[in-house]
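For reference, the structure is listed below as structure tokens.
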Amino acid sequence: MTPIQDCLINKNHKINPIWIMRQAGRYLPEFREIRSKNPNFIKLCLNENLSSEITLQPIKRFDFDAAIIFSDILMLPYGLGQEIKFEKGSGPKLGKLDLDLITNVSKDEFSRKLNPIYKSISNISSNIICKNKDIIGFVGAPWTILVYMINKMSPKKSLSKEIFNDKLFINKLLSIITKFLKIHIENQIKAGATIIQIFDSWAGLLEDNISEFIYEPTLNLVNHIKKLDVPVVCFPRGIKDYKNFCEVVKPDMVNIDYNIDPKKIIKEIEIPVQGGLDPKILLTDRENLQKEATKYLQIFKDHPYVFNLGHGILPETKIEMVEELVKIVRDFK
């Protein structure tokens with residue numbers, strides 16, 4: 001049994017596994033070298049050999065307890081035929097949303113389009129350096145995918161209220177998204193993913209309709225994953241009430257963001273917890289990193305806990321600080 005599964009299944013709190021969101025990415029010089037020669041992000045995600053290599057880079061460097069596939073939550077709308085471009089400095093830009101087009105996409109057509117992702121997972125799961133490590137597959141939550149597909153870009157500043165105007169359109173799109181998320185999850189598990197993480201990056205945007213757009217569709221996915229006998233981790237980033245989310249959605253583990261007080265979480269949540277540390281702490285100094293990382297380790301020392309960040313690691317993070325973080329977690333008693 002892997003360290004993370006021991007934490008999830010046996011509720012073991014004597015060990016603290018560690019991996020980092022976006023660990024296969026821009027802070028690594030070996031990744032930047034590959035990226036400089038492969039400017040098209042979508043094509044890079046669909047290059048099974050390079051995506052496998054990128055996924056393994058942080059495992060080779062830091063011996064993390066899990067490999068997370070180098071991919072993106074927006075491969076889902078790509079698989080449905082919505083155009084996607086990643087522009088430097090402005091993030092993803094999505095093309096016209098044609099509901100008639102995506103309604104007619106077949107399971108086989110979708111799976112063929114994203115097949116290099118599944119081949120990459122298979123490559124990773126058979127690699128010797130991943131022995132006794134989890135392979136994390138992931139998807140965006142239905143709400144977050146819905147936002148991107150309609151907004152056609154990151155909704156960082158605000159979310160237009162017009163998103164709720166056409167209920168029939170929204171419900172039909174949400175149904176299609178959920179259907180193909182399940183297919184994407186199944187394909188990742190068949191390829192060798194041992195854990196699925198659901199990223200609801202824009203959960204914090206909603207103040208109303210939380211049950212309709214976050215709880216219910218995410219619970220639908222969680223129940224589906226549990227039937228496939230694979231643990232599921234949810235990250236409802238920015239949501240106000242983690243306690244209620246966990247009671248309704250019932251993931252096997254919840255990832256907390258850095259704006260949440262971990263002392264509040266430990267009092268309210270019984271399931272295993274992951275994450276929390278502000279990625280900006282890794283941009284400070286070793287003394288501060290020791291203090292802040294140890295704070296989380298102390299708070300969760302009697303609770304099943306996987307060390308991670310409260311969001312993705314920042315591109316300007318120094319390798320030495322990641323090495324120091326791993327040492328802090330491994331040495332904690």
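Laboratory data are not the source of any read-out in this text; all were calculated from the coordinates shown. Computed from a predicted model, the values in this text were never measured in an experiment. For neighbour counting, all protein chains shown are included, and Cβ atoms are generated from backbone atoms with ideal geometry for every residue, glycine included.
As a quick test, which of the pairs 43/119; 93/243; 182/250; 133/295 have an alpha carbon distance above 22 angstrom in this structure?
Numbers: 43/119 14 Å; 93/243 34 Å; 182/250 17 Å; 133/295 26 Å.
Checking Cα-Cα distances, 93/243; 133/295 exceed 22 Å.
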**Message:** What distance in nm lies between label points placed 7 Å from Cα along the C-beta direction at residue 179 and residue 320?
**Reply:** 5.5 nm
**Request:** Convert each backbone phi in segment 210-220 into a coupling constant with the Karplus relation 6.51 cos²θ - 1.76 cosθ + 1.60 (shift: θ = phi - 60°), then list the ³J(HN,Hα) values in order as whole Hz, x for Gly and Pro.
**Result:** 5, 4, 5, 9, 10, 4, 5, x, 6, 4, 4
**On Cα atoms only, tilt of 167-191 relative to the major axis of the chain in degrees** = 50 degrees
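In the P(r) worked out for the chain, what percent of Cα pairs fall beyond 34 Å? Working shown, then result.
Numbers: 10530 of 55278 pairs.
Summing the P(r) of the chain above 34 Å gives 19 percent of all pairs.
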**Fill in**
Cα-only Rg/Rh for segment 180-333 with Kirkwood Rh rounds to 0.98
**Item:** Folded to 0 to 90 degrees: helix 319-331 orientation relative to the chain principal axis, Cα
**Value:** 60 degrees
**Complete:** One can check that the equivalent ellipsoid of segment 223-303, built from the alpha-carbon gyration tensor with semi-axes equal to the square roots of five times its eigenvalues, has lengths in Å, largest first, of 26, 13, 12
**Request:** Obtain the radius of gyration and the Kirkwood radius of segment 9-51 from its C-alpha atoms and give Rg over Rh.
**Result:** 1.21
**Three-way shape call for segment 110-214 based on the alpha-carbon gyration tensor, with the a/c threshold at 1.5** = prolate
**Request:** Averaging sequence separations of C-alpha pairs under 8 Å and six or more residues apart, then dividing by the length of the chain, give the relative contact order as a whole percent.
**Result:** 21 percent
**Asked** Along each of its three principal axes, how wide is the spread of alpha-carbon positions in segment 10-90, in whole angstrom units, largest first?
**Response** 46, 29, 26
**Prompt:** Computed on alpha carbon atoms, what radius of gyration and Dmax characterise segment 105-151, expressed in Å?
**Reply:** 14.5, 42
**Fill in**
Any aspartates and glutamates whose Cα falls less than 15 Å from that of residue 267, other than same-chain ones fewer than 8 residues away, would be 241, 247, 302
**Item:** Extended-chain gain in nm, criterion 0.36 nm per residue less alpha-carbon gap, residue 207 and residue 327
**Value:** 39.3 nm
**Asked** Using the alpha-carbon atoms, what tilt in degrees (0 to 90, nearest 10) does helix 115-125 show relative to the longest principal axis of the chain?
**Response** 20 degrees
**Complete:** Listed by chain and number, the residues whose amide H is under 5 Å from that of residue 12, excluding neighbours fewer than 5 places away on the same chain and using placed H, are 7
**Request:** Report the normalised scattering of segment 32-190 as log10 I(q)/I(0) at q = 0.19 Å⁻¹, calculated by the Debye formula with identical scatterers on the alpha carbons.
**Result:** -1.23
**P(r), alpha carbons of segment 81-126 - 10 Å bins starting at zero, rounded %** = 22, 33, 35, 10
**Asked** Mind checking which aspartates and glutamates have their C-alpha under 15 Å from residue 227, skipping anything on the same chain fewer than 8 residues away?
**Response** 186, 252
**Asked** With no solvent and one point per C-alpha, what does the Debye sum give as log10 I(q)/I(0) for segment 139-270 at q = 0.18 Å⁻¹?
**Response** -1.01
